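Remarks on the structure that follows.
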Amino acid sequence: MSLTATQGEGARRLPRLSGDWPLIVPMGLLFIGFFCGPLVLLLWVSFHNDQNMEVTGVAMWARFLGDPFYWNVVLDTVMLGVKTVALTVVLGFCTGVIYLSCGPRVRSLMLFAIVLPLLLSVVVRTFAWIVILGNEGLVNWAVMSLGLSAAPLRLLQTELGLVISLAQIELPLMLLPLLSVMARIDPNILDASHALGASRWRTMFRVILPLSVPGLIAGSLLVFASSTAAFISQSVIGGGRLIYMPLVIWQQALVVYDWPFAAVVSIALLVTVLGILTLISALGRLART
Amino acid sequence: MNAHSGLAAQTSGPPDARPTPAVPTEPARRGATLDVERVSHSYGGFRALDDVSLSVKAGEVVALLGPSGCGKTTLLRVIAGFLNHTEGNVRVDGAPVDRVPAGRRGIGIVFQNYALFPHMSVSQNVGYGLAARGRSRRQIKDSVARFLEVVQMSAFARRRPRELSGGQQQRVALARALAIEPGILLLDEPFAALDKNLRLDMQIELKRLQRDLGLTAILVTHDQEEAMSVADRVAVMNKGRIEQLGTPVEVYDRPETLFVNSFIGSSNLLAGTVAATGPTGTTVDLDAGGRLTVAGAGGPAGSRVLVSVRPEQLHIAHAPGEGLFPVTCRLELPVGGNSVLDLQTRDGADVKLVRLRAGAPPLGNGQHYCGLTPDARPAIFPAPAG
């Protein structure tokens with residue numbers, strides 16, 4: 001708007017920024033200094049052929065892209081994210097439907113219960129899952145007392161156990177955007193569906209679900225990004241048996257001290273996650289039209 | 001259930017020797033009767049409906065009219081089956097439907113904001129009820145085409161609701177409600193979101209459709225003109241009760257309670273004291289001066305009453321006389337072919353008067369006299385305590 005105004009005046013050459021722009025300076029500097037800067041640095045580090053970073057080249061990239069082991073790690077990481085997203089979508093949508101059918105008081109109680117885990121450290125929540133999933137844990141105690149299995153089920157250090165605990169840990173990230181979208185659904189629309197003779201199931205899948213898609217997409221983005229990068233949960237529940245990209249980065253950077261290779265894996269993780277996120281939001285746009 | 005089946009049955013009877021004219025004695029009606037019997041409903045401690053009874057004939061349009069919070073929407077939701085009322089019965093075509101879910105009552109609903117499914121096309125919206133009833137693809141397609149034709153929206157079948165204007169959305173909402181071929185149509189403030197010109201068009205169109213299809217309809221509205229123009233009978237509601245149920249003319253000309261009188265149309269309330277009661281009515285001494293005889297009972301001699309007179313039932317005289325009370329004119333506003341006079345009586349009450357503008361010279365500032373026109377039908381109510 002200031003551009004057209006100054007052109008109209010014809011006095012100044014440069015378009016005058018509107019008055020609030022200095023407010024973005026602190027955040028902008030922080031962003032450039034501590035996000036863009038390190039990112040560029042990371043890219044620069046990744047193009048070195050040796051651990052001491054004396055020779056520049058693409059050897060590390062060749063090593064990463066040429067080894068099927070690392071491709072498998074990328075695939076496992078993506079699949080971990082996809083499975084966690086799938087589980088949180090199902091759990092989140094069911095919770096959302098219950099949320100919709102509740103009155104305002106129960107709703108605020110539900111919101112409180114959803115936000116509550118966020119107040120606890122991820123480490124604490126992860127260790128809680130060890131107690132639940134371990135050989136002498138709650139689940140195995142129940143399974144063995146009921147005589148469903150003679151030996152304890154192996155849940156720790158398996159992908160299943162990790163997906164279950166990640167789904168619980170990341171569920172608030174799904175629920176918060178999802179519930180705000182679902183709460184905006186006009187209750188008359190649900191009444192209309194009911195009055196037109198639709199069963200609860202039809203209303204749920206033909207009306208509530210399609211109208212919840214924007215919330216599910218937003219939640220999926222957060223859960224995917226967060227669960228693929230969940231280094232603590234991946235290492236604690238996976239216990240070193242399950243190898244995902246964050247673990248590889250940690251090993252290369254802090255155990256092997258191969259910084260260029262750690263930088264390559266980091267950038268690969270970033271690109272992979274960004275790629276999947278773009279795909280999810282493209283799907284969301286497709287569903288909306 | 002088909003609208004044409006009644007007609008088809010009449011024309012495809014066994015061939016008679018004499019050709020009989022195929023004129024049905026009555027239009028094919030498929031409207032259901034609706035009986036609301038002593039229904040009450042409370043939200044917590046608040047009594048939203050208090051012992052409401054209402055019988056609606058097949059093919060009749062009844063408007064539930066009242067201010068917000070009077071219980072009209074609660075009553076609509078009880079009839080629709082969205083609310084389980086605390087006491088009483090609702091019957092459709094004589095059968096109790098209290099335990100019948102909303103979708104199986106044979107009732108179509110048009111919501112105030114239309115409540116169209118935003119993610120579906122116009123066709124999908126209209127076909128939704130039929131799909132929910134498990135009709136075949138072919139049946140759904142035919143019905144959708146037919147009802148879009150009825151509301152003149154065939155050209156918009158593939159559009160999404162957000163690509164339509166308010167009036168068009170309303171037509172779609174109507175087609176969606178009609179597509180399940182209900183016996184009763186419920187309309188919740190259907191015209192509230194439309195601008196004034198479009199509102200009248202849609203009212204006429206709705207009335208024509210309802211008549212052609214022989215539908216029973218319940219219209220919830222706070223707009224009295226809308227209730228008057230569309231409905232056969234009007235139920236004026238206040239505080240969870242039906243204050244008066246009657247034709248628009250009855251409700252306007254012979255309001256039974258002070259609330260109905262004040263809510264419907266505009267009226268002047270003149271305070272007075274009963275002087276005598278007789279076979280012709282009640283004689284009242286107005287505080288403004290003058291003595292009127294009004295049909296109806298206002299109480300024994302000496303009791304305080306309010307006499308209600310419509311602005312168009314008053315006239316101006318320039319000399320004192322029988323039944324006239326003195327007024328001064330504060331303002332004269334030309335409104336179309338009429339002029340509205342803002343008068344003040346000697347006890348300070350405001351009186352509005354409407355008269356034809358043609359031929360009447362503007363009123364001066366001096367003393368004038370006001371009285372009832374010969375055809376006036378004033379109403380009398382006991383003055384509320386306090």
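Across chain A, the relative contact order, built from alpha-carbon pairs under 8 Å that are at least six residues apart, equals 25 percent.
Per residue of peptide B:111-119, the mean number of Cβ atoms on other chains within 10 Å of the residue Cβ is 6. As a rough guide to protection, the peptides A:110-120, B:98-108 ranked by mean Cβ packing within 10 Å, highest first, stand as B:98-108, A:110-120. Each Cα pair under 8 Å and six or more residues apart adds its sequence gap; the mean of these over the residue count of the range B:34-259 is a relative contact order of 29 percent.
Near A:Ser193, once Lys and Arg are set to +1 and Asp and Glu to -1 for all other residues with Cβ below 13 Å from its Cβ, the sum equals +3. Over all directions, the average projected area of the alpha-carbon convex hull for the range B:161-245 comes to how many nm²? Taking a quarter of the hull surface, the average projection is 6.2 nm². The smallest convex shape that holds all Cα atoms of the range A:49-133, its convex hull, gives 190 Å³ per residue.
Per residue of peptide A:184-194, the mean number of Cβ atoms on other chains within 10 Å of the residue Cβ is 6. Along the range A:262-270 the Karplus relation, 6.51 cos²θ - 1.76 cosθ + 1.60 evaluated at θ = phi - 60°, assigns HN-Hα couplings of 4, 5, 4, 5, 4, 5, 4, 4, 4 Hz to successive residues, with x for each Gly and Pro. Sorted largest first, the spans of the alpha carbon positions of chain A along the three principal axes are 69, 61, 33 Å. Excluding A:Val248 itself, calculate the net charge of residues whose Cβ lies under 15 Å from the Cβ of A:Val248, where each Lys or Arg counts +1 and each Asp or Glu counts -1. Taking every other residue near A:Val248 into account, the sum is -1.
Could you compute Rg(Cα) / (2.2 N^0.38 Å) for the protein assembly as shown, with N its residue count? Please report the intermediate quantities before stating the final value.
Numbers: Rg = 37.3 Å, N = 675, 2.2 N^0.38 = 26.2 Å.
My calculation over the Cα atoms of the protein assembly as shown gives 1.42.
The simple Förster model, with R0 at 56 Å and r as the Cβ-Cβ distance, assigns B:Ala319 and B:Ser42 a FRET efficiency of 0.45.
Here the ratio of the Cα radius of gyration of the range B:247-319 to 2.2 N^0.38 Å is 1.13.
Assuming 0.692 mPa s and 37 °C, estimate D for the range B:25-162 with Stokes-Einstein, Rh taken as the Kirkwood radius over Cα pairs, in µm²/s.
Numbers: Rh = 17.2 Å.
Rounded, D is 190 µm²/s.
With the convex hull drawn over the C-alpha atoms of the range B:266-382, the volume per residue is 96 Å³. Note on the range B:90-194: the alpha carbon radius of gyration divided by the globular reference 2.2 N^0.38 Å gives 1.07.
Working from the Cα coordinates of the range A:83-182, the gyration tensor eigenvalues give, after taking √(5λ), semi-axes of 29, 15, 13 Å in decreasing order. Neighbouring Cβ atoms from other chains, within 10 Å of the Cβ of residues in A:195-207, number 6 on average.
Rounded to the nearest whole Å³, what is the per residue volume of the convex hull around the Cα atoms of chain B? Could the numbers behind the result be given before it?
Numbers: hull volume 84.3 nm³, N = 386.
Per-residue hull volume (Cα only) is 218 Å³.
Of all aspartates and glutamates in the structure, the ones whose alpha carbon falls short of 16 Å from that of B:Lys352, not counting any fewer than 8 places away in one chain, are B:Glu312, B:Glu332, B:Asp342.
Only the coordinates and a few stated rules stand behind these numbers; no lab work does. Computed from a prediction, not measured in an experiment: that's the story for all the values here. All Cβ positions, glycine included, derive from the backbone under ideal geometry; neighbour counts span all protein chains shown.
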